[in-house]
Amino acid sequence: MDPIRKVIVKKKTDINPIWLMRQAGRYLPEFRRIRKKNPNFINLCLNEKLVPKITLQPLKRFDLDAAIIFSDILMTPYALGQNVTFKKNYGPILGDLNFSHINKVDKKTFKKKLKPVYKSMKSLSVKLKGKNKCLIGFAGAPWTTLVYMINRKSPKKNISTNLINDDLLVKKTLKKILYFTKQHIKNQVESGATLIQIFDSWAGLVKNKNLPRLIYNPTQELVRYTKSLKVPIICFPRNIENYKEYTRVVKPDAVNIDYNIDIKKLSKQIDIPIQGGLDPRILLTDKNRVKKETKKILDMFKDHPYIFNLGHGVLPKTKPSMVEYLVKLVKDY
C-alpha cells in the first residue's frame, strides 16, 4: 500500500506523504510547451497520448507520492453534451443547458465520450505499477458541477441567484449530475484509480440553511457510492465555514482543508485524516518562509494522520525549484 493510502486507511502518523493540487500544469516549462501546441483545453484532456505524459511530468522532477490524472471537473458537463470552452485569462464558458439533449445521454454514451480519459488512466496505472505511488482520479462535487452548468461560467461571487433559487431546475439538474458523477468515478476506478478526490470549489457560496440540500446530502451520496467501490475518498469543500460539521455529516475518508482557517483549532475538531492547508502563495516567497510555514503545519499534525498538500492549486508563477524545496522539506521532516 502506498504512503497516502496508509495515512487514510491505516491512520498512520509516522509518515509524511505529499502531493499537490495542480502539480501537473502551468508552472512547469515542459507543460507550457505542450499547452502552446494544444490550445483547445478539452481536446488536450482527451488526448490519450499526452495526458499520461503530462500527469507524470511532476513525478519525474519531484519525489511526490501520487499522480493525479490531468483532467478537469468540467469533463462531466462536457460528456453530458453541454458545450465547454476555456478562454484565456477568463476561465470556462459553458453553452446552454439543454435538458432534451441531456435526457438522451445514457451511461454508455457518457462512457464513450470520456473513453480517452479512462484509457489514459489505464495507461497511467500500468506505468505506475510497482512504484508505490497513489493514482488519483477525481470529479467535481454535485454542487460545484451544478453551479458551472447553470451559471455557465466561473461564478467568483457573481452567481445567478435566480437560477439557483429555481428549486425544480436545481433538483432536476442535481439528480442528473449525481447519477453521471457516480458513473465517472466508477469508470476511473475500473481504469486503475486507487483514490478519488471530490472538488467542491464553490462550497463557500452556500448559506447554512441550504447546506443539507446542496452540499451535504448529494456529496454524502457520492461518498457512500465511492466507498462501495473499495477505494478511499477525499473531499475538498473549499471555503466552507464548518469543516467539523461537514466531516460529521458527509463522512469522507479524509478531508482537504483550506489555507484561510485556524489549523490549530481544526486539528482538535476533526478525527479523520486531514490533507492540505498551506497557502499556495507561500511558494511565491522565499525558502525561509516556505520552511517556517511548512514546519508549522507538520508540527501541528505530527500526531494526526496527515497528507501534505496546499489549500488550493499550485499557482502559475511558482518556480519549480520552490516545489522541489517544499517536497524535500516534507520528506526530511
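We did not get these values from a lab; they are worked out from the coordinates using the rules stated. Owing to the predicted nature of the structure, the values given are computational and were not obtained by experimental measurement. Cβ placement follows ideal geometry from the backbone for every residue including glycine, while neighbour counts extend to all protein chains displayed.
Restricting region 1-102 to chymotrypsin sites (Phe, Trp or Tyr not before Pro) that sit in a DSSP loop and have at most 12 other Cβ atoms within 10 Å of their own Cβ leaves 90. Straight-line cross-link partners of residue 119 among the aspartates and glutamates, defined as a Cα under 19 Å from its Cα and at least 8 positions apart when in the same chain: 48, 72, 190.
Based on Cα atoms of the chain, Rg over Rh with Rh as the Kirkwood radius reads 0.94. Distance between the pseudo-spin-label points of residue 303 and residue 213 (7 Å out from Cα toward the beta carbon): 4.3 nm. Whole-Hz Karplus values for region 286-291 come out as 10, 5, 4, 5, 4, 4 Hz, taken residue by residue from phi with 6.51 cos²θ - 1.76 cosθ + 1.60 and θ = phi - 60°; glycine and proline positions read x.
Among 10/264; 129/296; 10/319; 6/265; 153/268; 111/171, which pairs are too far apart, with a Cα-Cα distance over 29 Å? List each step's numbers first, then the result.
Values: 10/264 23 Å; 129/296 34 Å; 10/319 34 Å; 6/265 25 Å; 153/268 37 Å; 111/171 23 Å.
Correct reply: 129/296; 10/319; 153/268.
The distance separating the Cα centre of region 198-216 from that of region 275-302 comes to 27 Å. Charging the Cβ of each Asp and Glu at -1 and of each Lys and Arg at +1, and nothing else, the dipole of the chain about its Cα centre rounds to 860 debye. Which pairs in the list 60/182; 37/88; 113/176 are over 25 Å apart, alpha-carbon to alpha-carbon? Where the Cα-Cα span goes over 25 Å, the pairs concerned are 60/182. Please list, or write none, the aspartates and glutamates whose alpha carbon is within less than 20 Å of the alpha carbon of residue 331, excluding same-chain residues fewer than 8 places away. Output for residue 331: 2, 14, 63, 65, 279, 286, 293, 299, 303. The length gained on full extension between residue 251 and residue 104, counted as 0.36 nm times the residue separation minus their Cα-Cα distance, comes to 49.6 nm. Residue 298 sits among other residues whose Cβ lies under 14 Å from its own Cβ, and their net charge, with Lys and Arg +1 and Asp and Glu -1, is +3.
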